[in-house]
Amino acid sequence: MVKADECMQPAARPCKSGVRWRRPAALVLLFTSLILAWMAARLLLAALFAGQTQTFLDDWFAQGGAPSPPAWEVARQAATSAIALFPAANGAYQERLGLVHSWRYRGRPFGDLLAAPSRQAALAAYRAAVAATPLWPRAWTQIAYAKLDLGERDAGFRASLHQAHALGPWRPDINRRIVEIGLIAWGSLDVTTRALTLESARRVAAGSAEDAHWLLGLAKGRGMTLVVCVALPDEIKRMHRICGS
């Protein structure tokens with residue numbers, strides 16, 4: 001055994017016990033560094049694939065129509081790769097995958113049988129997004145619209161609208177989406193969900209004049225102008241000069 005005072009002598013050989021401890025420590029440090037480098041590489045690749053997916057979505061939104069099958073497949077692969085590479089559940093990545101599936105048959109009728117498998121995949125992705133980030137109201141509106149696409153105007157559809165309304169009560173984008181979905185499905189809504197839709201309409205109209213005129217254009221397109229105008233306060237109608245005020 002090496003005596004303690006030998007380890008303290010400047011001319012003595014390096015203490016063997018110190019060497020024994022340094023080697024495992026170095027191995028642990030090396031292993032940790034490799035793990036961190038591997039994680040960083042995965043995060044970087046996931047972000048790159050997510051950015052690629054978003055580029056496709058932005059392009060489709062600008063064009064306003066369903067993508068070509070090759071473009072859709074590349075976007076789908078990018079979206080799924082981002083999810084697979086990220087080390088934890090990521091609501092934003094799941095939502096992008098849902099949007100990719102939703103765009104595949106953009107413009108086809110609600111309840112269309114050809115579009116149903118892709119719309120079911122979109123709904124599954126939005127539900128995964130909600131599971132990862134349950135307090136994001138936008139993901140709840142995506143669930144509602146996916147169910148609308150599928151022709152499912154059931155209790156789950158209405159519950160999604162209520163969740164979105166509760167989580168984002170004063171967010172203009174959330175209220176616009178709720179109004180859009182609510183007016184499309186008006187005939188299938190119960191009294192409570194109709195009231196919620198009109199409350200969101202009032203919040204939209206209380207914003208800018210542009211928001212108010214967007215709302216009236218939407219209502220006119222759905223044949224709901226009278227219903228929306230009756231629900232709006234007179235002060236808002238006079239302020240934005242809408243509904244004949």
What number of residues within segment 221-245 are open to solvent by 50 Å² or more (accessible area, probe 1.4 Å), under 20 Å from PRO172 (Cβ atoms) and assigned to a helix (DSSP H, G or I)? 3
Over segment 75-87, the set of residues in contact (Cβ under 8 Å) with a residue 40 or more places away in the chain and open to solvent by 40 Å² or more (accessible area, probe 1.4 Å) is PHE86, PRO87
Evaluate the following for THR197: is it polar (S, T, N, Q), surrounded by fewer than 21 Cβ atoms within 10 Å (Cβ to Cβ) and at pLDDT 95 or above? no
Those residues of segment 13-71 which are within 18 Å of ASN90 (Cα to Cα), at pLDDT below 95 and exposed (fewer than 14 other Cβ atoms within 10 Å of the Cβ) amount to MET39, ALA40, ALA41, LEU43, LEU44
Criterion violated by GLU210 - all others in (1) under 17 Å from the mean Cα position of the chain (by Cα); (2) open to solvent by 30 Å² or more (accessible area, probe 1.4 Å) satisfied: (1)
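The values are calculated or read from the model by the stated rules, or taken from the named source; none is laboratory data. Predicted, not measured: the structure shown is a model, and the values here were computed from it. Methodologically, a virtual Cβ is constructed for each residue, glycine included, from the backbone with ideal geometry; neighbour enumeration extends over all protein chains shown. Ligands, DNA and RNA are excluded from the accessible area calculation, which covers all protein heavy atoms including side chains. Shrake-Rupley method; radii C 1.70, N 1.55, O 1.52, S 1.80 Å.
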